[in-house]
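Take a look at the structure set out below.
The values are calculated or read from the model by the stated rules, or taken from the named source; none is laboratory data. Since the model is a prediction, treat every value here as computed from it, not as a measurement. Note that each Cβ is placed from the backbone with ideal geometry, even for glycine, and that neighbours are counted across all protein chains shown.
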């Protein structure tokens, strides 16, 4: 199992390569969309690079479970319901969803931090072990 520092280094490398950002921009607190300007199409490249770097398989919807957003019990009028937040917490134990809890707008869901990405990789590696 790689150390947290090794995971961060590989995640940073994947983000630098996929997004064309400078290494110093990729801090644990940086958000993929807000700070690093990642777009939807970039997430495919990021996932591919993480799968290759860590020899893991990331299923569609595993990083961001978009099916939750399509369920009227979980999302209504562009906002997540309390049940939707609870579902996301269960499906995304690696992510800090405190901002989403405070402002439960669907568009806030995709703005994962670099730390969230590192936690996701660590979560995947532990599940595979």
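Go through the residues of segment 87-98 one by one and say whether even a single one is in contact (Cβ under 8 Å) with a residue 60 or more places away in the chain and part of a loop (DSSP other than H, G, I, E, B).
Within segment 87-98 (the criterion being in contact (Cβ under 8 Å) with a residue 60 or more places away in the chain and part of a loop (DSSP other than H, G, I, E, B)), the answer is no, since none of the residues qualifies.
Testing residue 126 on (1) over 21 Å from residue 1 (Cα atoms); (2) in the same structural domain as residue 2 (by TED's automatic domain parsing); (3) surrounded by fewer than 15 Cβ atoms within 10 Å (Cβ to Cβ); (4) more than 14 Å from the chain's Cα centre (by Cα), one condition comes back false. Which one is that?
Going through the list (1) over 21 Å from residue 1 (Cα atoms); (2) in the same structural domain as residue 2 (by TED's automatic domain parsing); (3) surrounded by fewer than 15 Cβ atoms within 10 Å (Cβ to Cβ); (4) more than 14 Å from the chain's Cα centre (by Cα), residue 126 breaks only (1).
Could you please find all residues in segment 39-90 being crowded, with 18+ Cβ neighbours inside 10 Å, within 26 Å of residue 24 (Cα to Cα) and at pLDDT 95 or above?
46, 47, 49, 50, 54
Give me the residue from segment 100-129 that is free of Cβ contacts under 8 Å to residues at least 12 places away in the same chain and part of a helix (DSSP H, G or I) and, out of that set, farthest from residue 48 (Cα to Cα).
Selected residue: 102.
Being in contact with a strand residue (DSSP E or B) (Cβ under 8 Å, 6 or more places away or on another chain) and either without any contact (Cβ under 8 Å) to a residue 60 or more places away in the chain or not assigned by TED's automatic domain parsing to the domain that holds residue 95 (or both) narrows it down to one of 79, 57, so name that one.
Numbers: 57 fails: in contact with a strand residue (DSSP E or B) (Cβ under 8 Å, 6 or more places away or on another chain).
When all the criteria are applied, what remains is 79.
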